[in-house]
Amino acid sequence: MLPVPLFRYHATCGGHHTHDAPALVFTNVELGYAGADTPVLSGVNLSIDRGRSIALLGENGAGKSTLLKSVAGLLPLRDGKISVLGHGVGQCHHQVAYLPQHRDIDWGFPMSVRRFVLTGSYIHLGWFKRPGKKERVAANAMLEKLQLASLADRRINELSGGQQQRLLVARTLLHGADLLLLDEPFNAIDTENRELIRTVLHALKAEGKTLVTATHDLEFGVGFFDARYCLGDGQLSKEAPA
Amino acid sequence: MQRALLAGLLAGVNCAVIGVYIVQRRMSFFGGALSHTVLPGMVFAFLRGVDVFWGALGAALATALGVGWLSRRREVGEDAAIGVVLSGMFALGVLMMSQVNSFRDFNALLFGSVLGVAAQDLWLAGAVTILVLLAVALINKELELASVDPEYACVIGARPNRMRTLLLVITALSVVTAVRVVGALMATALLITPAAAALVWARSVRGAMLSAVIVSMLSVFVGLLVSYHYDWSSGAAIVLAATACFGVSWLVRVIQR
């Protein structure tokens, strides 16, 4: 069991897990944004076992990000229930890591690359505790893994788009979660960055992490996804294996 | 004069520290609004014979919480919420002032009067400064995260909305201390200008805060010195000194690039 912070953030489960529960269970879920009459997705029923890698496919606006945000606790459900690792949404923060889309970050904020990665350790520190040697060592290891160590002291806005995307992956890794929600991890990056991120994601899958990836990109390599789900017309459906 | 300098430095320190977050999070309009919306509270306190600090504090907190509440609801955008609250509160202040025969009584409230700083004001400014510095020291990492990536802050349960409300309340406290020194109409300058000058160069929040504090203290010192020797309005002199610092900082950065 991971150490629980003295002043942990809101509604963390306190390290008590149901190890045999599936990673995700959606039961008649309806999702939508406040003020909009039409739901983005409705009637979503889905169960994802631990250690599986799932792709959410669909056009822009189909609801891929909306689905991930609802699992991450960023969007309240209109109806239905989502169980995350046996807990309600937002009750097991340290075991759920979320990789947002590149555009959701304020890259102009005065922050170094090293400090940005360290934010991935905050969930294990809780309120008032600052990152110590252990967290810095772990952050440096993630920077090494994503080949960003030489850029650690740069400001985050001094990185290229691909490097920033790798930075987001590094932070997601430092979070150390069992369930990773990845929103367009390959969006607008070049081949070299894509290859590096792909290698890291394949390693996570090999470690037995559960990966749910929103993408319209199928260049993840053979065997990366265990199942593909298509989103369209407000519905989610399983794609037949190729 | 010593009392004026100390009050100016205290207000300058807490405004500069919190101003870094206000400027970086593009909440300068809110900072500007706060310095205007304290007016009815100050006038009310003045007319009741109560220390204007408490009137300003009440109005500033009401504004901070009101804007926070209005903008969390999705019917009104944040800038519109600030605009509505600003103009309404300022109009209320002007209406209350018009009930009194002479506007001259309110000169110190509008334009500041460092010479009128009492010992009690110093204690209050000192207490607010300690509170602001303590709050920032305790939750700086969460404030930083909520600023750079509010979604991730939400995912880990660090409650970015509450961080934001706390930031609004701390800002309200800082502006109230600045109002005593430079007046209601120019208090925004102490909040925004030193932070903006620092952020032109900053590579970290901590560095920006330190630079903003130096700019702020320099502005207060130079402004009061000029005011003393040339009989200028102290508030205007301080604000102009801060504006000059920003101008130099920006110009050097532009030339360097």
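The values are calculated or read from the model by the stated rules, or taken from the named source; none is laboratory data. All values derive from a computational prediction rather than experimental measurement. Please note: Cβ atoms are built from the backbone with ideal geometry, for glycine as well, and neighbour counts cover all protein chains shown.
Before moving on, here are some points about what is shown:
- Residue within segment A:105-113 that is in contact with a strand residue (DSSP E or B) (Cβ under 8 Å, 6 or more places away or on another chain) and aromatic (Phe, Trp, Tyr) present: no
- Within segment B:141-156, being small (Gly, Ala, Ser) and at the interface with chain A (Cβ under 7 Å from one of its Cβ atoms) holds for one residue alone: B:SER147.
- Tally of residues being in contact with a Leu (Cβ under 9 Å, 6 or more places away or on another chain) and under 22 Å from B:ALA187 (Cβ atoms) across segment B:125-142: 8
- Check on B:ALA135, modelled with pLDDT of 85 or more and either within 14 Å of chain A (Cβ to nearest Cβ) or out of contact with any helix residue (DSSP H, G or I) (no Cβ under 8 Å at 6 or more places or on another chain) (or both): yes
- Filter result for B:ALA196 (within 18 Å of B:ARG26 (Cβ to Cβ) and touching a helix residue (DSSP H, G or I) at 6+ places or on another chain (Cβ under 7 Å)): yes
- Applying the criterion of at least 3 residues that are at pLDDT 85 or above to the helices (runs of 4 or more DSSP H) found wholly in segment B:29-125 leaves B:39-48, B:52-72, B:78-98.
- Within the set B:ALA33, B:ALA91, the sole residue that is more than 30 Å from A:ALA36 (Cα to Cα), surrounded by 18 or more Cβ atoms within 10 Å (Cβ to Cβ) and without any contact (Cβ under 8 Å) to a residue 60 or more places away in the chain turns out to be B:ALA33.
- Checked against (1) in contact with a Lys or Arg (Cβ under 8 Å, 6 or more places away or on another chain); (2) more than 28 Å from B:TRP201 (Cβ to Cβ), A:SER112 meets all criteria but (2).
- When B:ALA208 is tested against the conditions (1) at pLDDT below 90; (2) of a type in the set (Gly, Ala, Ser); (3) over 16 Å from the mean Cα position of the chain (by Cα); (4) in a helix (DSSP H, G or I), the lone failure is (1).
- The condition of being within 19 Å of the chain's Cα centre (by Cα) and either not β-branched (Val, Ile, Thr) or not in a helix (DSSP H, G or I) (or both) holds for only one of B:LEU145, B:LEU138, B:LEU133, that being B:LEU133.
- Residues being in contact with a strand residue (DSSP E or B) (Cβ under 7 Å, 6 or more places away or on another chain) and on the phi < 0 side of the Ramachandran plot - total across segment A:60-91: 18
- Residue check for A:ASP178: acidic (Asp, Glu), closer than 21 Å to A:LEU201 by Cα and within 14 Å of chain B (Cβ to nearest Cβ): no
- The sole residue among A:GLY35, A:GLY120 that is over 20 Å from B:LYS141 (Cβ atoms) and either among the small types (Gly, Ala, Ser) or touching a helix residue (DSSP H, G or I) at 6+ places or on another chain (Cβ under 7 Å) (or both) is A:GLY35.
- Of residues in segment B:172-205 being outside any helix (DSSP H, G or I) and surrounded by fewer than 24 Cβ atoms within 10 Å (Cβ to Cβ), the one farthest from the other protein chains (Cβ to nearest Cβ): B:LEU185
- 1 or more residues among the basic types (Lys, Arg) and either away from chain B (no Cβ under 14 Å) or in contact (Cβ under 8 Å) with a residue 60 or more places away in the chain (or both): qualifying helices (runs of 4 or more DSSP H) within segment A:36-142: A:64-72
- Scanning segment A:30-53 for residues that are of a type in the set (Val, Ile, Thr) and modelled with pLDDT of 90 or more returns a single hit, A:ILE48.
- A:VAL137, sole failed condition from (1) at pLDDT below 95; (2) out of contact with any strand residue (DSSP E or B) (no Cβ under 7 Å at 6 or more places or on another chain): (1)
- Some residue of segment B:106-114 being under 21 Å from the mean Cα position of the chain (by Cα), more than 14 Å from chain A (Cβ to nearest Cβ), crowded, with 20+ Cβ neighbours inside 10 Å and of a type in the set (Ser, Thr, Tyr): no
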